[in-house]
Amino acid sequence: MKVNKAVFPAAGLGTRLLPITKSIPKEMLVLVDKPLIQYGVEECLSANISDIIIITGRGKTAIEDYFDRSIEHEILLKEKGKHHLLKSVDEISSRINLTYTRQKEALGLGHAILCAQNMIGEEPFAVVLSDDIIDSDIPVMKQMIGIYKNYRHSVLAVQRVKDEDVSKYGIIQGREIGKGLYAVEDLVEKPDLSDAPSNLAIIGRYILTQDIFGFLKDTKPGKGGEIQLTDAIRSLLSIQPIYALEFEGTRYDGGNKLDLLKAQIIYGLKNQETRSGLIDFITSEGLISAAKAPGGGV
Ligand code: G1P
């Protein structure tokens, strides 16, 4: 069955990015001129997934406003004849079918996905964590759909991480069955390095069969006292195969200040409007001497 729907969990508090996330949802942080969540939505569109389900929580209305029409902007831009800008304000919303539901309590990623059960029904679906920013020639979701079409079972995006980072991720144990493709044999949420079966970490893109819901319902709080998606996927593995794809692309952790800055630069260099000015800036003498000066500690 074709994958038509994608779930975007967006109820988290974005604690790692405080204080900005006091009033701006982390999904709405900007990369050049678009919020992080839009990059994930565009990735889904590239894989022909246009039914987008966003799991929100308190303080997240900026996401709904963003994807809503902005009549004031439309009227103003039409009056002024600024048609290229008009396209940028309503294009994304017109290409997707959006639904929202609320996760009333922050009980974990697994619980957030369970909140989407009624909207998914009996079909496979994608999950996108929009703070995993992935820059790749072929959008990662499109790479994963390619695998799904061959195997018709769940597919996880994975990437090798350094030993010191293993305990921040869901980690898989897998048997390589093709270049960068693994049959998952086990998975564990945020293990200590000494217990980790590998350094292949799950990155925030999943394709899951609807059977996951049966397991999510019964998943008890795990690591950090939260209902973990990784634990439910581990149970799913007892009834059907699961695959993991070591995708092509560079991933930036949008929940990490340094990675977010790096992503800003990379996406700024890819944007026609900002590219040449940014190159001038980062290669300028002034910036190089500022970088050599002792830290300001702002
Ligand atoms: C979540 C998942 C984890 C995964 C990670 C990817 O963790 O629980 O398995 O490796 O996303 O970003 P979180 O970063 O929400 O703690």
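Data overview
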quantity	calculated
Matching residues, the stretch 149-180, being among the aliphatic types (A, V, I, L, M) and in contact with a Lys or Arg (Cβ under 7 Å, 6 or more places away or on another chain)	Ala157
Hits in the stretch 212-235 - residues which are within 22 Å of the chain's Cα centre (by Cα), of a type outside the set (Gly, Ala, Ser) and closer than 18 Å to Cys115 by Cβ	Ile212, Phe213, Leu216, Glu226, Ile227, Gln228, Leu229, Thr230, Asp231, Ile233
Exclusive hit being of a type in the set (S, T, N, Q), out of contact with any His (no Cβ under 6 Å at 6 or more places or on another chain), more than 23 Å from Leu45 (Cα to Cα) and surrounded by 15 or more Cβ atoms within 10 Å (Cβ to Cβ), set Gln117, Gln103, Gln159	Gln103
Considering residues of the stretch 217-237 that are assigned to a helix (DSSP H, G or I), within 13 Å of the ligand (Cβ to nearest atom) and of a type in the set (A, V, I, L, M, F, W, C) only, the residue surrounded by the most Cβ atoms within 10 Å (Cβ to Cβ)	Leu229
Residue that is assigned to a loop (DSSP other than H, G, I, E, B) and either surrounded by 14 or more Cβ atoms within 10 Å (Cβ to Cβ) or β-branched (Val, Ile, Thr) (or both), where the choices are Gly59, Gly81	Gly59
Pair list, Cβ under 6 Å, 6 or more apart: the stretch 255-272 residue within 15 Å of Pro35 (Cβ to Cβ), other residue of a type in the set (D, E, K, R) and within 16 Å of the ligand (Cβ to nearest atom)	Gly255/Arg16; Gly255/Asp131
Members of the stretch 134-189 found to be under 17 Å from the mean Cα position of the chain (by Cα), outside any strand (DSSP E or B) and among the charged types (D, E, K, R), listed by number	Asp137, Lys142, Lys168
Leu193, sole failed condition from (1) within 12 Å of the ligand (Cβ to nearest atom); (2) more than 20 Å from Gly108 (Cβ to Cβ); (3) in contact with a helix residue (DSSP H, G or I) (Cβ under 9 Å, 6 or more places away or on another chain)	(1)
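Bear in mind that the values in this text are calculations on the coordinates, not laboratory data. These figures come from a predicted structure and were not determined experimentally. When we count neighbours, we look across all protein chains shown, and the Cβ atoms used for this are built from the backbone with ideal geometry, even at glycine.
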